[in-house]
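To keep things clear, I will list the structure first and then write my remarks on it.
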Amino acid sequence: MPYLDLIAVVVFSLLVVICGMSFSGSGKDMKSFFAGGGAVPWWISGLSLFMSFFSAGTFVVWGSIAYQYGWVAVAIQWTMCLAGFIIGFIVAPRWQKTGVLTAAEFITLRMGYRTQKIYSYLFLLISLFTTGAFLYPVAKILQVYTGVPVYLTTIVLGLLILAYTATGGLWAVVVTDVLQFIVLTAAVLIVVPLAFGKIGGLSEMIQKAPDHFFDLHNNEYSFGFLAAFALYNLFFLSGNWTYVQRYTTVKTARDAKKVGWLFGALYLVSPVIWMLPPMIYRIVNPDLQGLNSEDAYLLICKTVLPVGVMGLMLGGMVFATSSSVNTTLNITSGVFTNDLYKALFPHSTEKKLMRVARLSTVVFGVLTIGVALVIPYIGGIVEVVLSLAAFTGGAMYLPPLWALFSRKQTGRSVLWVTAISLLINLFFKFLFPVLTGTGLSRSMEMIVGMGAPVMLLLAYEIWALQSGFISRDYEHYVAEKAIRRTAAPAQPAEAEAEAEAEAETEDNRKGKKVIALGTLITGVLMGLLGLHAIGTTWVVAAMGGVIIIAGWAIYPRKTGKLKTVEISYNKEEKKASDYVE
């Protein structure tokens, strides 16, 4: 590994860890540690949602599909765009209005503690595999570029992520997410024109591409697969407890809508930018076979990026994955502490709960590292990611999500739907191939995985409607919400308007400052690397300048208080209906 690349990786890694550790004093209580005080700006939460959903696995998993099949990899990811817009319009504001800290807390209120406890254990178990699947691609990327053993890179990165996630809580997570988004986006934007230059432009790519390389679907990833995968992304982004946290930690329902819309807009554009380089590498080197196709993105980067910028790209990929891991670690720790431990020991002090929160973060992190180390032995990353999606996505996340909108569902009904769906998926994944000698195709596996819970829930709704069934769980939920509203201390309208208009909370201001300073430092680093980028100096230096301008724009500035109060008060009065169910 060239020394300039090594320096870039080390400097960026230190920058991310320092930014995260700077929030060591922010996690003073449960709400600040797991919800950022409920005042995270919508654009920070939206970018964090995007980066939490995204990881280096994007380059490995979808990059492998782009290299092999072409444009179908973009079509697969556009289903995430569709899910984001639907969530922005319908799901995110509903979650924000619940007023809960975690999705598990909603399940407790809506369907009872016993139901929540079962889902919590399932969530914690599945989260170990999802975070392990996030860690493995980084080890794969580092192994390809540096030759460092997979187990070593996995352990070191896992420990770095644990350091700031266990220390700073949600603010450490979202701030480092935004910084990683800026750096990685800049690096990817440099790769695309340089990759086209390698083959002589877009026209050459079109002429030399394999047949059907620009089709939206194919036999393995059929239209049925795309439709089922779109449902999976909708259920996963709407109901996964990790992502629900992004909708519940903003101030208003309108802000929650913007979180979903920002995610959808980013996934409309980014898949094209991400997938072009591995598609171009198919023209440069068409000889990659099997699991070697997982290396396509990194190999095109090694081919076209100048020394130093390649290191920054590598650092961006590494810590892009950390955003997925640290988000999941934060929410799993929140579920364990707030919804399991606190229920068993209701008289625990806030200090004791914070110790449990940090300790549980470390424990889950260590277990995640262990899972990541065994992924190469269970079929590779593409198989793990898509099989896990089909097996658990609809069964685990759709039933509680359905109860967010339904008055008929009960704790028992959603548990039965989850259990039956998991058994159906289990049968077709493991027993059906043994009995018949053939397994389901990728498309059918996804269709069955998403279709089973949908059909079961619809059947229950029809039965409940025809029989006039009224859910006591729902009635209890409505009564409990009424009690909570009554118990909340009244606040005069003027005081509420003034509180709404108060510049930002201390952590809010600090979050923006840390993002801005980190961005400025990264811009300077990119500019310096441009001086050494022979033949591409202007491209790299210009991108460094853009990053510096972005950092300057993000830095928080004071605003006039009187004018802001008046606007905020009018807005509050105009939008009062938004907060009434």
Just one of (1) among the small types (Gly, Ala, Ser); (2) farther than 20 Å from Leu329 by Cα; (3) at pLDDT below 70 trips up Gly394, so point out which. (3)
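Kindly establish whether Gly560 is within 19 Å of Leu15 (Cβ to Cβ) and either at pLDDT 75 or above or not β-branched (Val, Ile, Thr) (or both). Step through it out loud before you land on a result.
Working: within 19 Å of Leu15 (Cβ to Cβ): no; either at pLDDT 75 or above or not β-branched (Val, Ile, Thr) (or both): yes.
It is false that Gly560 is within 19 Å of Leu15 (Cβ to Cβ) and either at pLDDT 75 or above or not β-branched (Val, Ile, Thr) (or both).
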Failed item, numbered, when Ile420 is tested on (1) within 13 Å of Gly394 (Cβ to Cβ); (2) open to solvent by 60 Å² or more (accessible area, probe 1.4 Å); (3) at pLDDT below 90: (3)
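When segment 231-273 is examined, which residues are found to be closer than 30 Å to Leu202 by Cα and not aliphatic (A, V, I, L, M)?
Here is the first cut: in segment 231-273, the ones closer than 30 Å to Leu202 by Cα are 262-273.
Of everything in segment 231-273, those that are closer than 30 Å to Leu202 by Cα and not aliphatic (A, V, I, L, M) turn out to be Phe263, Gly264, Tyr267, Ser270, Pro271.
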With respect to Leu388, determine if the residue is at pLDDT below 80, of a type outside the set (S, T, N, Q), in a helix (DSSP H, G or I) and farther than 30 Å from Tyr3 by Cα. yes
Does segment 20-29 contain at least one residue that is at pLDDT 65 or above and among the small types (Gly, Ala, Ser)? yes
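From the list Leu125, Leu47, Leu82, Leu109, which one is in a helix (DSSP H, G or I) and free of Cβ contacts under 8 Å to residues at least 12 places away in the same chain? Give the steps one after another, and end with the answer.
Working: Leu47 fails: free of Cβ contacts under 8 Å to residues at least 12 places away in the same chain; Leu82 fails: free of Cβ contacts under 8 Å to residues at least 12 places away in the same chain; Leu109 fails: free of Cβ contacts under 8 Å to residues at least 12 places away in the same chain.
After applying the criteria, what remains is Leu125.
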Please specify each residue of segment 94-105 satisfying the condition of being surrounded by fewer than 23 Cβ atoms within 10 Å (Cβ to Cβ) and either in contact with a Leu (Cβ under 8 Å, 6 or more places away or on another chain) or assigned to a helix (DSSP H, G or I) (or both). Arg94, Lys97, Thr98, Val100, Glu105
So, in segment 464-516, of the ones that are at pLDDT 65 or above and not in a helix (DSSP H, G or I), which residue ends up most open to solvent (accessible area, probe 1.4 Å)? Ile470
Taking segment 441-459 on its own, how many of its residues are of a type in the set (Gly, Ala, Ser) and modelled with pLDDT under 85? 2
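Only helices (runs of 4 or more DSSP H) wholly contained in segment 201-315 count here; list those with 3 or more residues that are farther than 30 Å from Asn508 by Cβ and touching a residue at least 12 places away in the same chain (Cβ under 8 Å).
Values: elements: 202-208, 223-239, 241-248, 253-284, 296-304.
Correct list: 202-208, 223-239, 253-284, 296-304.
The values are calculated or read from the model by the stated rules, or taken from the named source; none is laboratory data. Because the structure is a prediction, the values reported are computed rather than measured. Note that each Cβ is placed from the backbone with ideal geometry, even for glycine, and that neighbours are counted across all protein chains shown. To get the accessible areas, we keep the full protein, side chains included, count just its heavy atoms, and leave off ligands, DNA and RNA. Shrake-Rupley method; radii C 1.70, N 1.55, O 1.52, S 1.80 Å.
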